[in-house]
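Here's the structure we're looking at; comments come further down.
The values are calculated or read from the model by the stated rules, or taken from the named source; none is laboratory data. Source: prediction; values computed, not measured. Counting neighbours? That spans all protein chains shown, and the Cβs are built from the backbone with ideal geometry, glycine included. These area figures cover heavy atoms from the full protein model, side chains too; ligands, DNA and RNA do not enter into them. Shrake-Rupley method; radii C 1.70, N 1.55, O 1.52, S 1.80 Å.
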Amino acid sequence: MDSPGSSDAGTGLRVDTTGCAVDDLVYCGAVQVAADSAEPWDGIVERAVTEGWLGVEALSGLPGSIADVTLANASAYGQSVSDAVVSVRTWDRSVDRQRTFAAVECGFGPGTSRFTERLADGSLRYDVREVTLLLKQGDLTAPIRDDALAVRLGVTSGQRVPLTRVRRAVLAD
């Protein structure tokens, strides 16, 4: 188990598993994962599934980094990256300074976020530096909301299944 704020050797991840500390803003039973922008997205999902952190398992196999999927608010099988984002730390090129946005400030919409804003020269205004996710702990998914995924899994919509089963089904695509 990782200690609060610990870094995994060789990765750009910091994992806080304290969950229910009295002075912690994380609700009980959750893990906070801060990932450097270049961290491969599917590596994060694989780690989440292996560790029993739910909320991103249906997003298995998406290409790119955590910055890429956050910028695009990638979605698949009833899950969106925005469902797990707590905050996004950026470099704001328009004012040459760092800015951190809480999830509600990220302007997430289907296939987009505030981080797709462009400057007059066509470059992106925000350089995503770090994304922090909040993932519940458990062995089973939240109730399956996507009918196509439910069919693929051989369950009815609303059922819960092991995280590993969802990852295998999604990657079998």
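Residues whose amide H comes within less than 5 Å of that of residue 125, counting only those at least five positions distant or on another chain, are 117, 118, 119 (H built at 1.01 Å from N in the peptide plane).
Across the protein chains, with a 1.4 Å probe defining accessible surface, the residues 163, 171, 62 rank 171, 62, 163 from largest area downward.
Where does helix 41-51 land angle-wise versus the long Cα axis of the chain, in degrees 0 to 90, nearest 10? With both axes taken from Cα atoms, the answer is about 40 degrees.
Couplings for region 158-173, taken from phi via the Karplus curve 6.51 cos²θ - 1.76 cosθ + 1.60 with θ = phi - 60°, read x, 6, 10, 9, x, 4, 4, 5, 5, 4, 4, 5, 5, 6, 6, 3 Hz in order; Gly and Pro are left as x. Mean separation of Cα pairs under 8 Å and 6 or more residues apart, divided by the residue count, gives region 101-173 a relative contact order of 18 percent. Karplus-based coupling profile of region 77-85, in residue order and whole Hz: 6, x, 10, 10, 4, 4, 5, 10, 6, with θ = phi - 60° in 6.51 cos²θ - 1.76 cosθ + 1.60 and x standing for Gly or Pro. Can you give the accessible area per residue of region 56-139, in Å², using a 1.4 Å probe? Result: 45 Å² of accessible area for each residue. Extension gain, residue 118 to residue 172, is 15.8 nm, computed as 0.36 nm per intervening residue step minus the present C-alpha separation. Computed with a 1.4 Å probe on the full set of protein chains, the accessible area for residue 42 sits at about 40 Å².
Is region 34-86 rounded, prolate or oblate when judged by the Cα gyration tensor, a ≥ b ≥ c being the square roots of its eigenvalues, rounded requiring a/c under 1.5 and prolate requiring a/b larger than b/c? Rounded, because the longest to shortest axis ratio a/c is under 1.5.
To the nearest 10, the accessible area of residue 44 is 10 Å² with a 1.4 Å probe. The accessible surface of the chain, taken with every protein chain in place and a 1.4 Å probe, is 51 percent carbon and sulfur. Relative contact order of the chain, taken over Cα pairs closer than 8 Å and 6 or more residues apart, is 22 percent.
When only alpha carbons of the chain are considered, Rg and Dmax amount to 16.4, 51 Å. The phi torsions of region 90-99, fed into the Karplus equation with coefficients 6.51, -1.76 and 1.60 and a -60° offset, translate into couplings of 10, 10, 8, 5, 6, 10, 6, 7, 6, 9 Hz, rounded to whole numbers, with Gly and Pro shown as x.
Counting other C-beta atoms within 10 Å, and keeping those with at most 16, which DSSP coil GluC sites (Glu not before Pro) do you find in region 78-144? Sparse-neighbourhood loop GluC sites (Glu not before Pro): 117.
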